[in-house]
Amino acid sequence: MPLPDRAVVLVAGAESPTGLGVARALRGEGLTLVGLTNDPTASPCRSGLWHEVVDEGDGCPRAWVGAVRGIVERYGRTVLIPVRDDVVELVADHATELEPLVEFVLPPKDVVTTLLDKTAFHAWAVEHGFPVPHTEIVEDEAQLAAALARIPYPAVIKPFERTPQWQVVSPRHKAYRLGSAADVARIGFRLFDAAPRFVLQQWIPGTDSDVWFCLVYRDRGGREVASQVGRKLVQWPVGTGCTALATTAEDEELRALTHRLLDAAGHIGVGSLEVKRSTADGKLYITEPTVGRPNLQSNVATAAGVNLTLLQYRDALGLDLPQLPDPRPAVWIHETSLPRAMAVSAARGVLDVRAVVGGLRGASGRMAAFSATADRTPLTSELRRLGGRAACVVSGALRRPARRGSGAPATAEG
């Protein structure tokens, strides 16, 4: 493979739509884009934007750093952009070793730990007076039982980190909504066989369209360079899933809250804050920050003209940061999740039709998870993958004998 005579960006997490979105945010900059991934067969890795896709190995820090070292030996000076939490943690843990190899902008280790560790963040947020719902962290069955007795219902339970074991037993659901303590027994698998720690959190009243977020880039000095407020309109699975449709929005209260929180934490680089506006009292409650990386809906900002990834790349190299244009209304669409999410939301009477129609009709900027005008291979690959999975499910259902009297599992589709 010929070595490129241009700047190189290493996207760590190329297997995800988030990683693909980073590549698309930089596609017009004349850069060489290299993907580092834990799944080279994933649909986003099929994009023609990648000069090379590199397998990160067995996932251990030593193998990961070794893969980065090999990329730098081939390409020279490289900017690293992580797009997964585990990579953010790894880079923070090994910053001293990585700094001579790659350029990156990431908060210091203590800031990463405070904002990324759910236990540390909840305690820190309460101490600093930030609005967070009642949250419990549990590490065994006894702690879970005690927390289930204390938490107000409804509540949500989710793994502290989505482990490979969790992805096997719960590929669709990142969380489960509980109406009572008894619902845990109906989830369908033993929780602690799937992950070592869980977050049990009070449910905030509202629907998917009550979830808002603020995307931010703060330079190495901690100065906020750009931000974009957005609103989720539909999630999949409904209620506690990932973004299926998001739109740009305006909310000065959220913008100010995000600025205060990241200021107090000492955050630099790209990040965001996600909140839910309670339909019970109208207040904003923090559901989670995203630390040192973009997330699934970050490209609604790119579609609006607020290219946070470009700022991150240029800041990493010490280049002047461009003056961004005034943002335009935009939407971000997860094209394979959206039809299912809208159908289920409508059937349950929780679809905000006016917000969905308004967001789609008013958008002059659009980006999607997999598809792009000149880069359709990721979408066709993902459709083939989903088609194969559906065929396996149908085949298995036809071969499986009918069972009577089985209890319905708790669902994340609030």
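What the table shows:
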item: Residues of type lysines that Lys232 reaches as a straight line, Cα spacing below 16 Å, ignoring anything fewer than 8 places off in the same chain; result: Lys276
item: Crossing angle, helix 252-265 versus the chain [Cα axis fit, 0-90 degrees, rounded to tens]; result: 70
item: Protein-only accessible surface order, largest first, of His267, His134, His173 at 1.4 Å; result: His134, His173, His267
item: Angle between the chain longest axis and helix 141-150 axis [Cα atoms, degrees, rounded to 10]; result: 70
item: Distance between modelled label sites at Asp39 and Glu161, nm, 7 Å Cα→Cβ extension; result: 1.8
item: Area of Thr279 that stays accessible when all protein chains are in place (1.4 Å probe, Å², to 10); result: 90
item: The chain: C-alpha gyration tensor shape, a/c 1.5 cut-off, then a/b vs b/c; result: rounded
item: For the range 93-147: rounded, prolate or oblate by the Cα gyration tensor [a/c cutoff 1.5]; result: oblate
item: The chain - share of DSSP beta bridges that are antiparallel (%, nearest 5); result: 70
item: Neighbour-limited loop hits for trypsin sites (Lys or Arg not before Pro), the range 184-226 (at most 13 other Cβ within 10 Å; DSSP other than H, G, I, E, B); result: Arg190, Arg220, Arg223
item: The chain - accessible surface per residue (Å², probe 1.4 Å); result: 44
item: Percent accessible area from carbon and sulfur atoms, the range 90-145, protein chains only, probe 1.4 Å; result: 52
item: Ranking by accessible area, most exposed first, for Leu215, Leu386 with a 1.4 Å probe; result: Leu386, Leu215
item: Estimated inter-spin distance, Arg27 and Arg190, nm [label 7 Å along Cα→Cβ]; result: 4.7
item: Three-way shape call for the range 217-376 based on the alpha-carbon gyration tensor, with the a/c threshold at 1.5; result: oblate
item: Cα long-axis angle, helix 377-399 against the chain (0 to 90 degrees, to the nearest 10); result: 30
item: Cα extents of the range 122-262 along the three principal axes, largest first (Å); result: 46, 34, 29
item: Exposed-site-free run, longest, the chain (rule: GluC sites (Glu not before Pro); DSSP loop; at most 14 other C-beta within 10 Å); result: 251-414
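The values are calculated or read from the model by the stated rules, or taken from the named source; none is laboratory data. Source: prediction; values computed, not measured. Glycine also receives a Cβ, built like all others from the backbone with ideal geometry; neighbour counts cover every protein chain displayed. Heavy atoms of the whole protein, side chains included, go into the accessibility calculation; ligands, DNA and RNA do not. Shrake-Rupley method; radii C 1.70, N 1.55, O 1.52, S 1.80 Å.
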